[in-house]
1. Per residue, how much space in cubic angstrom lies within the convex hull of the C-alpha atoms of segment 268-312?
2. Quick one: divide the alpha-carbon radius of gyration of segment 100-263 by 2.2 N^0.38 Å and tell me what you get.
3. Taking 0.36 nm per residue of sequence separation and subtracting the Cα-Cα distance, how much length would be gained by fully extending the chain between SER147 and SER309, in nm to one decimal?
4. Can you list the HN-Hα couplings for segment 285-299, worked out from phi with the Karplus curve (6.51, -1.76, 1.60; θ = phi - 60°), rounded to whole Hz and with x for Gly and Pro?
5. In Å and whole numbers, how far do the C-alpha atoms of segment 99-196 stretch along each principal axis, longest first?
Amino acid sequence: MQNSYLTNIISFIIIVFFSFFAIPLSSQSNLIHRIEQQKQDSVARKQLEQSVERYQSHINATDTLESEDFDDDIMENHPASDLYRNIWSRERVNPYETPPSALPDSIYIDCSEFQMPLTATYVTSHFGPRWRRMHYGTDLKLQTGDSVMAAFSGKVRIVNYEPRGYGNYIVLRHNNGLETVYGHLSEVLVSENQEINAGELIAFGGSTGRSTGPHLHFELRYMGNAFDSEYLVNYSNAVILDDVLLITKDRMFGYQVQAKNLASQSRSKYYTVRRGDTLSKIAARNGVSVRTITRLNNIKNSNKLKAGSRIRIR
């Protein structure tokens, strides 16, 4: 009887203990989890804040020097100057020679001010392999004369014409470290070194250069390396997927191995063997050596050539 009484008392004490302490412990666990998550988020935010710290410092410095004769140097006033090592080329879309392997594993880009380059559009050709070549942008449908807007605030680096490529095109460098390219334009409305606001009208769309019809060729680049804009933009809904874009080397730039293979294939040239052809005749006709042909096709000089077969000559 006494043992039963003691057992009941002990059970009661245990119930009371957990009634008082179990809930607080659960709340404390949730609080710890939230704190840890906030720490992780703060690491990403800190990296992002550092990337625009110099820009904010420059803006503050400019406000205090309004009455002074301030040297309006192209790069000194540009917040991405340190990132791009003071390179400001008007000749090449990618003058930086910075391979993805030299970039940090993770890069956070503030994309909160993004504006659609076209008001109403849809994707006609995605980023990636196309016609045995790499397509480094996203093609967006438009009608000739449609307005083209800047995706982010920044400065115009290039205004140029490329007859066998972009046609009339613009390259903008942005305050967040990205660069954007707008190709096949019918008319350009901005000039080099001009400061641009996000959403500002910069051109009218068209079909200039190497184009099969009116569209905007739109590229996103980081340190000269193009990546798929659909990592940032949902074109179906005309919204961005997140205010902060996480660039990772493997995900964003893994295509470059495939691009090199495609480039190698595009430079290759093949010849269809005719009746009576010999290696020496084929070599002379195509301006190559017999040794080159045997090496590329893993054959010997003594091999007989079959009419109708294809051999690689470059």
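Where a number appears in this text, it was derived from the coordinates with a stated rule and is not lab data. The structure displayed is predicted, hence computed values, not measured ones.
1. Numbers: hull volume 2.9 nm³, N = 45.
Normalising the Cα hull of segment 268-312 by residue number yields 65 Å³.
2. Values: Rg = 14.9 Å, N = 164, 2.2 N^0.38 = 15.3 Å.
For segment 100-263, the normalised Cα radius of gyration is 0.97.
3. Details: separation 162, 0.36 × 162 = 58.32 nm, distance 5.17 nm.
Contour length minus Cα-Cα distance gives 53.1 nm.
4. For segment 285-299, the Karplus-derived couplings read 5, 10, x, 10, 9, 4, 4, 4, 5, 5, 5, 5, 10, 6, 10 Hz, x marking Gly and Pro.
5. Over segment 99-196, Cα extents along the principal axes are 40, 37, 26 Å.
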